[in-house]
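Notes follow the structure.
Throughout, read-outs are computed from the coordinates displayed, never taken from laboratory work. Quick caveat: nothing in here was measured; it's all calculated off a predicted structure. In this analysis, Cβ positions are derived from the backbone assuming ideal geometry, glycine residues included, and neighbour counts consider all displayed protein chains.
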Amino acid sequence: MEASPGRWREAARRFVETAVEPHADEIDRADRLPPTVLSELRASGFMGLGLPPEWGGTGGGPGDVAAVLEELSASSAAVATLLAVHLSVAAQPISVWGTAAQKTDFLRPLAEGRFLGAFALTEPEVGSDAGALRTRYTREGDAFVLTGAKMFITNAASADVLLTFATRDPALGRKGISAFLVPKGAAGFTIAQHLVKLGLRGSETAELALDHVRLGSDALLGPEGEGLRVALSALGGGRVGIAACALGVARAAFEEMVRLAKADPEDWKRSVVARSYVDLAAARALVDQAVAEREAGRPAIEAASTAKLYASQAAMRIANKTFELAGPPASRSGSRANRYLRDARVFPIVEGTTEIQELILGRTLIGRE
């Protein structure tokens, strides 16, 4: 499918109607996507969106990716998050940093939907400070050996390849970090536990254990010691994707808010709807600005952090007001207002917390100390 304005968005809407909405409650009750939904997503063409056609991708640009993520997230943020991680922080880094052999072995099957990707940076005691990683690697001849743990890893158990970060020596700080492609089934790689979450329930999340995972020299992605650059470049695009996901939840929650307010119109409800409309419009404008920057080939550091910070907060505010308007029924399982609020609460945390986005913007706008 070739990219054209609105074409991917319409394709996403059709996919939602046929493959997501019929399973919405099932997805929200599970700790991973039902096999039928994942199978249809693999066959949809979305898993190669924004990736080079010469490596199996289906074309399209940042705007197409954002449109699809918004549409999917408005129906199921869990489905959208799986795709956002697969594209932005797993496949794209291989497209940018990978060798021809790595693109053949990993990027092509990722783009064609035969592989699912994951991004393993966060650790049990290391969250926002990526430079303080404790997962270690050593050199043994031509091999790398990884030992450590990773926490809150999206797509972890189902992923066919995980972009994993480790340090040669914590004393080296950022300069000691390298990026590795860890294939599914690597000896010493195990799922320590599946995590049950407040929101994004159908988005699989797990803790990983790496016990002397031995990798060949061809597993190194990018130059040795440049792992943090690989991670940060991936997260830049990932923040735009997550902002689009948050926008989708904000839009869906707003539509539910309007439906509830129309059923029992009162002036105070009109005021709530008006304020939420402004919040939604501002979030969309900021996401569009970040997408435009990425479309122009710019890093969009400020725009991405601004969009991610505001859209995630807007989603939470709108979802919270929708929950309040829904009243006691919103507390019941299966309520849309209930799901929107739980899903929205996750977005200020993932792909860099609100505080991290504020730190990035502060350093960018007025400089570091």
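Descriptive notes on the structure:
- Using R0 = 30 Å, the C-beta based FRET efficiency linking E125 and E358 works out to 0.85.
- Cβ-based charge dipole, the chain, positive-most Cα from L107, A132, S335: S335
- Estimated 222 nm signal from helices in the chain, with DSSP H stretches of n ≥ 4 weighted -39500 (n - 2.57), rounded to 500: -15000 deg cm²/dmol
- The packing ranking of peptides 201-209, 168-176, 272-280, highest mean first, is 201-209, 272-280, 168-176, where packing means the average number of other beta carbon atoms within 10 angstrom of each residue.
- The chain: relative contact order in percent, alpha carbon pairs under 8 Å with at least 6 residues between: 17
- FRET efficiency, 1/(1 + (r/R0)^6) with R0 25 Å, evaluated for R259 and R7 via beta carbons: 0.30
- Histogram of C-alpha separations across segment 118-226, 10 Å bin width, %: 16, 50, 28, 6, 0
- In segment 61-144, GluC sites (Glu not before Pro) in a DSSP loop with at most 16 other beta-carbon atoms within 10 Å: E125
- Segment 118-226, relative contact order [Cα under 8 Å, separation at least 6], %: 31
- Neighbourhood net charge (11 Å Cβ-Cβ; Lys/Arg +1, Asp/Glu -1) for E54: +2
- Length added when fully stretched, A187-A274, from 0.36 nm per residue minus Cα-Cα: 25.7 nm
- Dipole axis of the chain (+1 Lys, Arg; -1 Asp, Glu on Cβ), positive-most option in A74, S217, G57: A74
- At R0 = 35 Å, FRET efficiency that the Cβ-Cβ distance of D169 and Q289 yields, to 0.05: 0.30
- Per-peptide packing, taken as the mean over residues of other Cβ atoms within 10 Å, places 116-123, 299-306 in the sequence 116-123, 299-306 from highest down.
- The candidate values are [x] 20.2, 73; [y] 21.1, 75; [z] 19.4, 59; the one derived from this structure for Rg and Dmax of the Cα atoms in Å carries the label [x].
- For the pair S333 and R14, the difference between a 0.36 nm per residue extended length and the Cα-Cα distance amounts to 112.2 nm.
- Listed residue (L83, A303, S39) projecting farthest to the positive dipole end of the chain, Cβ model: A303
- In the chain, lysine pairs with alpha-carbon atoms under 19 angstrom apart (chain gap of 8 or more, or interchain): 5
- Per-residue packing, averaged as other Cβ atoms within 10 Å, sorts the ranges 147-159, 255-267 into the order 147-159, 255-267, beginning with the highest.
- In this Cβ point-charge picture (+1 for Lys and Arg, -1 for Asp and Glu), segment 229-366 has a dipole of about 240 debye about its Cα centre.
- Rounded to the nearest 20 debye, the dipole size of segment 118-226 about its Cα centre is 180 debye, using +1 on the Cβ of Lys and Arg and -1 on the Cβ of Asp and Glu.
- Measuring between their Cα centroids, segment 77-155 and segment 303-359 lie 26 Å from each other.
- Between D211 and R114, the distance separating the two model label sites (each 7 Å from Cα on the Cα→Cβ line) works out to 3.2 nm.
- The slack in the chain from D267 to H194, taken as 0.36 nm per residue of separation less the alpha-carbon distance, amounts to 21.7 nm.
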